[in-house]
């Protein structure tokens, strides 16, 4: 692809499964928060199951998915992250087709916190009528303890989301690099070689999603 073609249309960097995961996860987290605040606990729990399904899918897709979706392509060591941070501060960061080294660690942090949120929710209770599907497998004290983690962890999630949004806005308005639009279109305007990118079949993504949904269904119905 010529330089002019890259500037005009951009390089395809994000596959459809990753983009759908990103926006569906955002909508479901917002929906879960709303239902929790309004006491609509049945839908809060259903939304939590959907979030857990998406997270398990993303873990699988991070192993077998397209190049930019794989953890091995964007999770770098501390030295690489620090080097990128120094280059960013100096205004000379190297372009990244997918997540940059700092963004990669943000992805890992968000996934970890969301998994903790969904996992503790399975054991949580509200001391009224609602409890997670696995709450009966632990003592009431343990369920209360996990409920406390579930509530406190949401505040940590809000901090990470705020950092994530702030970083996207920083790149947009300070660095002049739009990271939001590529997560919608799948294409990124960047002068970089994309010959090493490989995109997996959406059918494989559907299989991974179906397996994730089946696992969540088994977890929920296990008691």
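The values are calculated or read from the model by the stated rules, or taken from the named source; none is laboratory data. Because the structure is predicted, anything quoted here is derived from the model rather than measured. Here the Cβ is made from the backbone with ideal geometry for all residues, glycine too, and neighbour counts use every protein chain on show.
Restricting the first member to segment 76-99 and to residues that are within 16 Å of residue 178 (Cα to Cα), and the second to residues that are surrounded by 10 or more Cβ atoms within 10 Å (Cβ to Cβ) and modelled with pLDDT under 90, the beta-carbon pairs closer than 6 Å and six or more apart or on different chains are 95/190; 95/192; 97/192.
The lone criterion from (1) at pLDDT 90 or above; (2) outside any helix (DSSP H, G or I) left unmet by residue 111 is number (2). Would you pick out the residues in segment 49-77 that are within 14 Å of the chain's Cα centre (by Cα), buried (at least 19 other Cβ atoms within 10 Å of the Cβ) and in a loop (DSSP other than H, G, I, E, B)? The answer is none; no residue qualifies. Are any of the residues in segment 78-100 assigned to a helix (DSSP H, G or I) and buried (at least 21 other Cβ atoms within 10 Å of the Cβ)? No: zero hits. On inspection, residue 40 qualifies as out of contact with any strand residue (DSSP E or B) (no Cβ under 8 Å at 6 or more places or on another chain), under 30 Å from residue 134 (Cα atoms) and free of Cβ contacts under 8 Å to residues at least 40 places away in the same chain. The residues in segment 13-48 that are surrounded by 18 or more Cβ atoms within 10 Å (Cβ to Cβ) and farther than 18 Å from residue 118 by Cβ can be counted, and the count is 5. Criterion applied to 208, 162, 124 was being surrounded by 13 or more Cβ atoms within 10 Å (Cβ to Cβ) and either under 21 Å from residue 27 (Cβ atoms) or in contact with a strand residue (DSSP E or B) (Cβ under 6 Å, 6 or more places away or on another chain) (or both), and the one residue passing it is 208.
Applying the set (1) surrounded by 12 or more Cβ atoms within 10 Å (Cβ to Cβ); (2) under 28 Å from residue 84 (Cβ atoms); (3) out of contact with any helix residue (DSSP H, G or I) (no Cβ under 6 Å at 6 or more places or on another chain) to residue 177 leaves exactly one unmet item: (3). So is residue 142 over 22 Å from residue 62 (Cβ atoms), in contact (Cβ under 8 Å) with a residue 12 or more places away in the chain and out of contact with any helix residue (DSSP H, G or I) (no Cβ under 7 Å at 6 or more places or on another chain) or not? When the stated conditions are applied, residue 142 passes them.
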